[in-house]
1. If you split all Cα-Cα distances of the stretch 168-212 into 5 Å bins from zero, what percentages do you get per bin, shortest first?
2. Starting from the Cα of K354, step 7 Å toward the Cβ, then list every residue of the stretch 280-305 with an amide N under 13 Å from that point.
3. If you place +1 on the Cβ of every Lys and Arg and -1 on the Cβ of every Asp and Glu, how big does the dipole about the Cα centre of the stretch 1-150 come out, in debye to the nearest 20?
4. As a check on your grasp of the helix formula, calculate [θ] at 222 nm for the chain: sum -39500 (n - 2.57) over DSSP H runs of n ≥ 4, divide by the residue count, round to the nearest 500.
5. With the dipole of the chain worked out from charges on the C-beta (+1 for Lys and Arg, -1 for Asp and Glu) around the Cα centre, which of A346, G378, F13 lies farthest toward the positive end?
6. What's the FRET efficiency of L64 with V261 using the Cβ-Cβ distance as r and R₀ = 51 Å, to the nearest 0.05?
7. Under 20 Å Cα-Cα from K221, which aspartates and glutamates qualify once same-chain neighbours fewer than 8 residues away are excluded?
8. Give me, ordered by chain and number, the residues 5 or more places off K221 or on other chains with an amide H under 5 Å from its own placed amide H.
Amino acid sequence: RKFERPRHGSLGFLPRKRAKHHRGRVRSFPKDDPSKAPHLTAFIGYKAGMTHILREVNKPGSKLHQKEVIEAVTIVETPPMVIVGLVGYIETPRGLKALTTVWAQHLSEECKRRFYRNWVKSKKRAFVKYAAKYESGTEIKRALDRIKKYCSVVRVIAHTQTQLVGFSQKKAHIMEIQVNGGSNIAEKVDWAYAKFEQKVTVNEVFQPNEMIDTIGVCKGKGFSGVVRRWGVKLLQRKTHRGRRKIACIGPWHPSRVNFAVPRAGQRGYHHRTEINKKIYRIGKAEDPKNGSTDQDITEKKITPMGGFAHYGVVKNDFLMVKGAIIGTRKRVITLRKSLITNVSRAAAEQITLKFIDTSSKFGHGRWQTSEEKYAFFGPLARKQHKEEAKAS
């Protein structure tokens, strides 16, 4: 018989514990390219839900070439972010070290809320003294000159606008985003300083058909046993004191449990990075046809009938990304430019959508729009009562 087998569960994701930060952290930014104009390398969005699309594959030589496929896509709502500061980093033998930070003169309330544990009971005087530095401007200029002289990496401080999404949360999510491009550091600093207190939209950072990385915290599952958490085998039926266990957790000596032995504990709510997610569409909030295509000319928005389940209506710009994305609905997702240069056929393929499904996600949706539903059912009594009430 066999005496060896592959182990159950990957050790590459240890420790399997709850994430420290709810928002996905960018641990590496893309490599700088001085030949390009200054630009941001990341953005923040909110996961709305999933739907499916129909498209024609454009892969010469493939058996799927010029054939229609149905694919799952995720909608990530991306309201504009506001740039409120910049940080300069110097290179040291132990990595990057922040030299100085410059903040904008005016910060919104949702940004200031992030600096307080209890906003209601606070004096709300954050950055009052700092804003006074802009009256003379000498300290701000001195800090910018120091960054231009000594720093090798420049990152902007940007925050989201949670009130545009319609969440109950009033605190903004704040992150540092690296500025790449520009022939020198001075050009990056001038570009970032000129963007202070201005909004940055998602189409200024990403392009359709681009491959991006998604960073976030996956859905939490609570405390799980070894069978569910590590995928080990159940013990035989007549096993004493339970089957869903590890039969032997180690020898008598060394008198401790090895780290590689599967144990019960936390499952889910882990920090994860997924690479190479293709952008199928960047939708505009003001476009009444952001859910339509050239083949499906019905005027409809991306929000399905009845809204996205447990999310609601997408009111802002959005990204349509192929496949699934980590996290629950409403989870904050960090979107980053790819760290590698993608040369695969999947990355180079130009996507042309034929149809986007906007039927109800509560049950089995039959109609794509409410007009289509009313045309099928004819005049509804409750609709007539509403119209009569409005008229009266």
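The values are calculated or read from the model by the stated rules, or taken from the named source; none is laboratory data. Bear in mind the structure is a predicted one, so any value in this text is a computation, not a measurement. Note that each Cβ is placed from the backbone with ideal geometry, even for glycine, and that neighbours are counted across all protein chains shown. Remember, those area values only see protein heavy atoms, side chains included, never the ligands or the DNA or RNA. Shrake-Rupley method; radii C 1.70, N 1.55, O 1.52, S 1.80 Å.
1. Histogram of Cα-Cα distances, whole percents per bin: 4, 14, 19, 24, 19, 12, 5, 2, 0.
2. 294-296
3. Around 1120 debye, computed over the stretch 1-150.
4. Values: 10 runs with 68 residues, N = 392.
Value at 222 nm, helices only, nearest 500: -4500 deg cm²/dmol.
5. Looking along the dipole axis, the top candidate is F13.
6. Given R0 = 51 Å and the Cβ-Cβ separation, E is 0.70.
7. By straight Cα distance, K221 reaches E274.
8. For K221, whose amide H was placed from the backbone, the distant partners under 5 Å are R267, G268, Y269.
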